[in-house]
Amino acid sequence: MREFLVEITTTVPEGTGQDEVDRRRAAEAVRARELAAGGNLVRLWRPVGELRSIGVWRAADEEELTEKVLGTLPLRPWMTLTVTPLESHPNDPGRM
């Protein structure tokens, strides 16, 4: 599987009820755990003071990532994504 750096900004549409937001966020947490268990979600961070996430994700290719992995997230309709394919760096300390 290939690795991808994914930046996610979630914007709740105006007029969305808090019950709907809470329901989707709870479902998002469940789905994230499933994707982590399946090896698709490797790491996830939130920059301090920001309402966005940065993560390392795995999929066979970018199409699979966007459609079959990220596309299954309950908050996906409210997300803006930036996907960057990654490859190993020759100076990566994890490779030494």
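The values are calculated or read from the model by the stated rules, or taken from the named source; none is laboratory data. Here the structure is a predicted model, which is why all the values come from computation and not from measurement. Here the Cβ is made from the backbone with ideal geometry for all residues, glycine too, and neighbour counts use every protein chain on show. In case anyone asks, the SASA skips ligands and DNA or RNA and just uses the protein heavy atoms, side chains included. Shrake-Rupley method; radii C 1.70, N 1.55, O 1.52, S 1.80 Å.
The table below gives the values:
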item	result
Whole-number percent relative contact order across the chain, with pairs defined as alpha carbons under 8 Å at least 6 apart	47
Most to least accessible of THR10, THR82 (protein chains only, probe 1.4 Å)	THR82, THR10
Nitroxide proxy distance, nm - points 7 Å out along Cα→Cβ at VAL56 and VAL21	3.2
Probe 1.4 Å, all protein chains present, accessible-area order of GLU34, GLU7, largest first	GLU34, GLU7
Rg/Rh ratio calculated on Cα atoms of the chain (Kirkwood radius)	1.01
Degrees between helix 18-37 axis and first principal axis of the chain (Cα, 0 to 90, nearest 10)	20
At most 15 other Cβ within 10 Å, DSSP loop - GluC sites (Glu not before Pro), the range 43-96	GLU50, GLU87
